[in-house]
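Colleague: First, the structure itself, so that you have it in front of you.
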Amino acid sequence: MDLDIKQMIAMVDIVAEEKNLPREVVIDVIEQAIAAAWRKDNGEKDMDVRCELDLNTGDAFVYISREVVEDDVAYIPETEIPASEAKGKKVGDKVEEKVKVTGFGRVASQTAKQVVTQRLREAERDAVLTLFEDRIGEVLTGTIVRVEPKLVRIDLGKATGIMPKSEQIEGEYYSVGSRIKVYIKEIERNERGAQLILSRGCAEFIEYLFRQEVPEIENGSVEIKAIAREAGRRTKIAVAATMPGIDPVGTFVGGRGVRVQAVMNEIGEREKIDIVNWSENISEYIREALSPAEIQTVEIEDKKATVYVSKDQQSIAIGRVGQNVRLASKLTGYDIDVEVAKAPEKKKKKNVEDSLLSALDEVEDEESEDSSSEE
């Protein structure tokens with residue numbers, strides 16, 4: 001199979017336009033394919049081979065890179081070269097051998113086609129995901145296309161994202177074909193390419209839902225100060241008013257709880273939502289954060305707080321498996337320790353019998369004194 005580089009270069013522009021990819025990306029894909037095919041025909045899989053296209057002459061060249069090693073040590077011909085053959089290069093340097101590419105065998109041609117197909121698909125996906133970089137932090141509605149043990153794949157129209165187990169709502173059921181709201185969290189890039197990471201379990205998803213239900217957030221009369229969440233179990237949200245006369249908690253709850261209920265309808269009834277007042281006074285803020293527990297006193301030292309409660313309030317303050325105090329710590333940023341307050345000491349009551357005997361003793365003493373005076 002002879003290579004017609006000029007014809008391939010002509011196809012570059014067509015492919016770039018069809019795939020909506022930069023011309024340089026398509027050229028890079030072709031160079032990777034030629035390098036892989038040449039390695040298949042002429043080299044070993046471990047060889048470091050790259051390709052360059054001469055767009056002016058229509059020629060293709062591959063460069064085989066090897067590391068210079070000492071003459072008296074065993075070396076691997078595919079990746080190493082003795083110093084005596086390296087034409088003055090030092091040990092540890094890289095030496096490149098330039099070879100002109102003229103053609104491929106049938107197997108190598110198939111390899112080139114596979115590389116082109118795979119790399120173009122990856123490049124196209126990366127280009128699409130780049131469009132979503134400006135949409136990170138938004139909530140979109142997608143369709144579930146596949147449910148796997150560790151993740152859910154969701155089609156967003158122009159791209160498909162994944163929702164890992166850590167970003168899901170605990171206990172929530174996902175079925176193929178269902179429409180679902182997801183938070184665009186990030187684009188994760190690694191050696192395997194780029195992935196669009198979606199979430200329903202993050203605190204930002206809760207914030208978005210409340211912004212849809214509480215118009216006062218947009219006009220600036222109330223604001224969300226902090227959110228601590230364990231998705232599927234419980235969320236604590238600290239809110240504040242920026243204008244006098246406004247009840248921030250009541251604003252977020254809504255008349256008859258309609259606003260907070262709308263949020264719960266989206267995330268599921270299993271997850272409880274505590275809306276508390278934020279305060280600049282950290283002691284007061286910690287009291288609010290530990291709601292519904294009743295706190296007696298709070299002691300602050302650096303970023304640690306010791307909270308004292310009555311014995312019957314201790315389990316409420318700590319919560320089931322420590323959830324309430326754990327979320328309160330996340331919400332306030334303080335390490336909170338809950339302890340039972342000591343009961344005040346009661347005055348000891350005098351025994352009635354002792355009091356009576358004491359009174360009799362006093363009478364006897366008086367009578368004794370009287371007798372002495374008469375004598």
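Colleague: Do any GluC sites (Glu not before Pro) in segment 247-297 lie in a DSSP loop with no more than 14 other beta carbon atoms within 10 Å, and if so, which? List each step's numbers first, then the result.
Modeller: Values: sites: E266, E269, E271, E280, E284, E288, E294; in loops: E269, E271, E280, E294.
In loop regions of segment 247-297 (DSSP not H, G, I, E or B), the sparsely surrounded GluC sites (Glu not before Pro) are E269, E280, E294.
Colleague: From the list [x] 21.7; [y] 23.0; [z] 28.1, can you say which value of Kirkwood radius over Cα pairs in Å was derived from the structure given?
Modeller: Recomputing Kirkwood radius over Cα pairs in Å here gives the entry labelled [z].
Colleague: Are there trypsin sites (Lys or Arg not before Pro) in segment 93-175 that DSSP marks as loop and that have at most 13 other Cβ atoms within 10 Å, and which are they? Please list the in-between numbers first.
Modeller: On the way: sites: K94, K98, K100, R106, K113, R119, R121, R125, R135, R146, K150, R153, K158, K165; in loops: K150, K158.
In loop regions of segment 93-175 (DSSP not H, G, I, E or B), the sparsely surrounded trypsin sites (Lys or Arg not before Pro) are K150, K158.
Colleague: List the trypsin sites (Lys or Arg not before Pro) within segment 265-340 that DSSP assigns to loop and that have no more than 11 neighbouring Cβ atoms inside 10 Å. If you can, show how the numbers build up before the last one.
Modeller: Details: sites: R270, K272, R287, K303, K304, K311, R320, R326, K330; in loops: R270, K303.
Loop-located and lightly packed - K303.
Colleague: I need the fraction of alpha carbon pairs in segment 1-63 separated by more than 17 Å, rounded to a whole percent. Working shown, then result.
Modeller: Working: 798 of 1953 pairs.
Value for segment 1-63 (Cα pairs over 17 Å): 41 percent.
Colleague: For the chain, with only Lys/Arg (+1) and Asp/Glu (-1) charged at the beta-carbon, what is the dipole magnitude about the Cα centre, in debye rounded to 20?
Modeller: Details: 54 positive and 75 negative charges, 665 e Å.
With Lys and Arg at +1 and Asp and Glu at -1, about 3200 debye.
Where a number appears in this text, it was derived from the coordinates with a stated rule and is not lab data. Keep in mind it's a predicted model, so treat the numbers as computed, not measured. Cβ: placed from backbone, ideal geometry, glycine included. Neighbour counts: every protein chain shown.
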